[in-house]
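What follows is one structure encoded as structure tokens, with my remarks underneath.
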Amino acid sequence: MSIQEKGNISIHTENIFPIIKKFLYSDNEIFLRELVSNAVDAVQKIKRLASLGQFNGEVGAPLVQVAVDKDAKTITISDNGLGMTAEEIKKYINQVAFSGASEFVEKFKDAKDANEIIGKFGLGFYSAFMVADLVEIQTLSYQDGAEPARWVCDGSTEFEITAGTKTTRGTDIILHVNKDSEEFLAESKLQEILNKYAKFLPVPIKFGTKTESVEDGTDEEGKTKYKDLEVDNIINTTNPIWTKAPADLSDEDYLNFYRELYPFSEEPLFWIHLNVDYPFNLTGVLYFPKLKNDFEMQRNKIKLYSRQVFITDEVKDIVPEFLMLLHGVIDSPDIPLNVSRSFLQADSNVKKINNYITKKVADKLSELFAKDRKAYEDKWKDIGLFVKYGMISEEKFYDKAKDFALVGNTKNELYTLPEYKDKVTALQTDKNGNVVYLYTNDAAKQDAFIQSANKKDYDVLVLDSPIDNHFINQLEQKLEKTSIKRVDSSVVDKLIEKDEQNEHVLSEDQVKEVTAIFEKAITKPGLHVEVVALHPDELPVTITMDEFMRRMKDMAAMGGGMNFYGQMPDNYKVAINGNHKLVGKILNAEGEEQQNLAKQAVDLALLAQGMLTGADLTAFVSRSVELI
């Protein structure tokens, strides 16, 4: 075999291969994605040329094959696509490899990951050198009279082009796997990588064979017989549902695809088929999963593809953050491929895609709400967290969602925000003209406060998800003249202050005396006594924490940057209902009995707030037994 060309190009002192190895080592499995994608492109190009009449030969059944030879320590990726001539090898393979590595290093010295580099320099092919110390190309071009060509390189600045041995159109890339990468010679490892990156490629990918059980007539009893058959192991679905028109798909198709993506998940609630070709190309299917009422959101559930090649499940910049709760697939050739997340943010298409998806989701929810409110309400438990998250994090989403977001009260009734304002405005407007929404974040624990509010015909919302602290703040900023208070943040008359006040039955001196008695009875720090005039039916002692203070502390606990508040000691108000008959009884008692009654009343209030623990609780129980 005559050597047509041997080269040793060293315009610069180093070529690109050592850099590839240095940069890309952490993510070396993508070599298979790159080489298989290139093979698929070559197959699709020959089909395209045939359809344009520029190739009149036999196209044949499109196929890419991946084969492994453990003894020879090789992995071979073969296609029956375009093939290359020796000239094309020089043009497409050599020029990239030996173009100025110093320029390359300069450009990528701050690169964070492999995806920043591959693809940026047409480097897909060179990812082969991450796992191979020798790479060989055997290729035969589709062009009339083309000669087979072979290219070989050991990752240094030396390459060799000779006559090849390939007799059929297409290209074989043969990787001689290096010592550090022998894990890739395991079939299970290659199967896993192909499942990850090539599961939906548009050309069949064959990886060896597999045994299938097929029907083989019936036995004497008429039962079906089966036989084992060796069949090609085709690892991909070439026409996944997002490449089809929604009109051609049934609900079952969407559900089957979801099961294929997430084998052990509950069925999704509904889905959105994305399909846009202007001003960018985007297809995909996004599913609304059943969300549990917690914040453990699995954010790596949307998979990003480009022309059916899996890219990443880190879709943070393409998908608005609140939509990271969704599951499914997005495919867009217009997303800059294989570049880092900092590139993604800067790309204008990414911003447009982000806005488009937000709008699509809002439109779908709006449509579901308008079409069947009852069904929408049934799903609210699952989608409420998601909608609130969107309203907090995306202004545009808030503007649409304010008409289909729901709030629920302690009677399990659901209202839209405008409906709820209409419901409570008449009764729950305070003396300054502010509408006050009351809410509980733990209906069982705050039941006494809820009952107090209900006696006045006030309504109490249930806002008990981890996101509701932020949602409440958002609503207060957006709703005019509206404040939102937790039902246990003050006594009911102070929650919604009206012009008419309850009369005090105690004189000024008695108020001072009661204050002194209770201050002496309280041993816990951070409790401040105040005597108030409430309805005689209200509790004698109520312990509350100011709404603003508690909200700031809750935010600090969730990592909301309110550390200053998080470190402050807890402060509570102890409201003594001067109009309750027990207070009169305490005033008339003397000595130890007076102290015991006051202590008992305070401990009951602490108990109601879950604040009585340890030795204090034990003492309270003993005292209660004596009083009985």
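The values are calculated or read from the model by the stated rules, or taken from the named source; none is laboratory data. Please read all numbers here as calculations on a predicted model, not as lab measurements. All Cβ positions, even for glycine, are placed from backbone atoms using ideal geometry, and neighbour counts span all protein chains on display. Heads up: the accessible areas ignore ligands, DNA and RNA and are worked out on the full protein's heavy atoms, side chains in. Shrake-Rupley method; radii C 1.70, N 1.55, O 1.52, S 1.80 Å.
In this structure, the pairs whose alpha-carbon distance is over 24 Å, taken from LYS455/LYS581; LYS512/LYS599; LYS374/LYS456; LYS371/LYS400, are LYS374/LYS456.
Coordinate range of the alpha-carbon atoms in the stretch 410-484 per principal axis, descending: 31, 29, 21 Å. Working note: Karplus 6.51/-1.76/1.60 with θ = phi - 60° gives the stretch 251-256 the couplings 4, 4, 4, 5, 5, 5 Hz, where Gly and Pro are set to x. Qualifying chymotrypsin sites (Phe, Trp or Tyr not before Pro) in the stretch 157-244, where qualification requires a DSSP coil assignment and no more than 13 other C-beta atoms within 10 Å, are lacking entirely. Here the stretch 496-537 and the stretch 375-399 have alpha carbon centers that stand 43 Å from each other. Across the alpha-carbon atoms of the stretch 395-439, the computed radius of gyration and Dmax are 12.0, 34 angstrom. Placing pseudo-labels 7 Å out from each Cα toward the beta carbon at GLU519 and LYS585 gives an inter-label distance of 2.6 nm.
Computed extension length for LYS196-LYS290: 31.4 nm, one decimal, from 0.36 nm per residue of separation with the Cα-Cα distance subtracted.
Across the accessible surface of the stretch 126-228, with the other protein chains kept in place and a 1.4 Å probe, carbon and sulfur atoms take up 41 percent. If R0 equals 51 Å, the separation of the Cβ atoms of ASN571 and THR238 corresponds to a calculated FRET efficiency of about 0.20. Think of a 1.4 Å ball rolled over the protein heavy atoms: the stretch 119-202 then has 38 Å² of accessible area per residue. Multiplying the residue separation of PHE270 and LYS481 by 0.36 nm and subtracting their alpha-carbon distance yields 72.3 nm.
Stick to the Cα atoms of the stretch 403-536, pair each with every other, and give me the Kirkwood hydrodynamic radius in Å at one decimal. Present the calculation step by step, with values, prior to reporting the outcome.
Working: mean 1/r = 0.0600 Å⁻¹.
When all Cα pairs of the stretch 403-536 are included, the Kirkwood radius is 16.7 Å.
Report, for the stretch 360-488, the % of DSSP beta bridges that are antiparallel, rounded to 5. Walk me through the intermediate numbers first.
Numbers: 5 of 13 bridges.
In the stretch 360-488, DSSP labels about 40 percent of beta bridges as antiparallel.
Using a 1.4 Å probe on the protein chains only, how many percent of the accessible area of the stretch 334-472 belongs to carbon and sulfur?
Ligands and nucleic acids excluded, carbon and sulfur reach 48 percent.
Of the cross-linked pairs LYS47/LYS73; LYS351/LYS379; LYS47/LYS91, those separated by over 25 Å at the C-alpha level are LYS47/LYS73; LYS351/LYS379. For the stretch 454-520, a/c is not less than 1.5, where a ≥ b ≥ c are the root eigenvalues of the C-alpha gyration tensor, and a/b tops b/c. That puts it in the prolate class. The aspartates and glutamates within cross-link reach of LYS199, meaning a Cα-to-Cα straight distance under 12 Å and a gap of 8 or more places when in the same chain, are GLU260.
Label 7 Å along Cα→Cβ of HIS504; the stretch 585-602 residues with amide nitrogen under 19 Å? It comes to 585-588, nothing else.
Of the cross-linked pairs LYS70/LYS301; LYS431/LYS485; LYS206/LYS352, those separated by over 25 Å at the C-alpha level are LYS70/LYS301; LYS206/LYS352. The slack in the chain from GLU158 to ARG373, taken as 0.36 nm per residue of separation less the alpha-carbon distance, amounts to 70.4 nm.
Distance between the modelled labels on LYS431 and ASN596, one decimal in nanometres: 4.1 nm (7 Å Cα→Cβ projection). FRET efficiency for the pair GLU182 and SER366, taken as 1/(1 + (r/R0)^6) with r the Cβ-Cβ distance and R0 = 56 Å, rounds to 0.50. Here the Kirkwood formula puts the hydrodynamic radius of the stretch 116-212 at 15.7 Å, using every distinct Cα pair.
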